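Shown next, in structure tokens, is the structure this report addresses.
The values are calculated or read from the model by the stated rules, or taken from the named source; none is laboratory data. These numbers come from a predicted model, not from an experiment. Counting neighbours? That spans all protein chains shown, and the Cβs are built from the backbone with ideal geometry, glycine included.
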Amino acid sequence: MKLTSFSDKRIAALTITAILLSAVTSTAPMISSSPVAAATIANCSVGNTFVWAAFEGAGTAGTTYYVLEFSNVGSRTCTLRGNATVWAVNRTGLQVGKPATHQGVPSTVTLARDETAHSILGVVGTGAACPGQGLQATGIRVVPPGQTLPNPAGEKDEVEYFPVKVCAHQSSMHVLPVRPGTGIPLYTTS
């Protein structure tokens with residue numbers, strides 16, 4: 001197609017821009033800037049949120065950081081807001097040590113079907129954080145923001161084969177708020 005006039009070129013440019021904008025906005029999870037818009041979409045539930053984690057952590061200054069992932073495996077768009085609840089567990093699923101503390105400023109993340117959001121879990125080295133040797137855990141239990149675990153807890157909420165060492169009587173982990181997009185192990189820091 002040969003564009004001959006200024007208005008033809010302008011219409012073509014506007015059309016291309018509209019197509020690109022719709023492609024970008026329909027594929028990336030978003031942070032909702034409008035509380036009204038977020039309020040019309042249901043919160044993600046335990047049944048439609050799958051939790052998983054990168055086993056490779058990035059260490060700095062006595063803390064190892066891991067990426068926690070939250071995937072919408074349901075059939076409808078849903079939202080997550082805030083920090084996950086995280087604690088270490090032994091091989092039988094019982095809690096080891098104290099839960100992770102929450103850090104950071106929460107925002108609402110909207111997840112369409114099959115989209116993923118992430119959070120960062122920091123695990124402080126027990127040698128510096130607590131008296132004694134710390135307790136060895138075999139996994140972590142992760143409850144996405146705004147959710148409660150069913151009784152008994154299901155496999156969607158436990159990250160098995162995630163060996164961490166935690167303090168017995170004080171929290172030696174912290175978790176940041178959920179952010180849009182899939183986190184990249186050894187790269188994503190917020």
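Side notes on the structure shown:
- Segment 90-105, residues that are closer than 21 Å to GLY146 by Cβ and either modelled with pLDDT of 95 or more or crowded, with 16+ Cβ neighbours inside 10 Å (or both): PRO99, ALA100, THR101, HIS102, GLN103, GLY104, VAL105
- Residue tally, condition modelled with pLDDT of 90 or more and either within 14 Å of LEU121 (Cα to Cα) or more than 17 Å from the chain's Cα centre (by Cα) (or both), over segment 171-190: 9
- Subset of segment 64-79 [over 18 Å from ALA54 (Cβ atoms) and crowded, with 19+ Cβ neighbours inside 10 Å]: ASN72, CYS78, THR79
- Residue in segment 53-62 that is part of a loop (DSSP other than H, G, I, E, B), touching a strand residue (DSSP E or B) at 6+ places or on another chain (Cβ under 7 Å), surrounded by 15 or more Cβ atoms within 10 Å (Cβ to Cβ) and assigned by TED's automatic domain parsing to the domain that holds GLY132 present: yes
- Pairs linking a residue in segment 48-71 that is on the phi > 0 side of the Ramachandran plot and small (Gly, Ala, Ser) to a residue that is at pLDDT 80 or above and surrounded by fewer than 16 Cβ atoms within 10 Å (Cβ to Cβ), with Cβ atoms under 6 Å and 6 or more positions apart or on different chains, are GLY62/GLY125.
- In segment 114-146, the qualifying residues are those that are in contact with a strand residue (DSSP E or B) (Cβ under 6 Å, 6 or more places away or on another chain) and charged (D, E, K, R), and the one that is surrounded by the most Cβ atoms within 10 Å (Cβ to Cβ) is ARG141.
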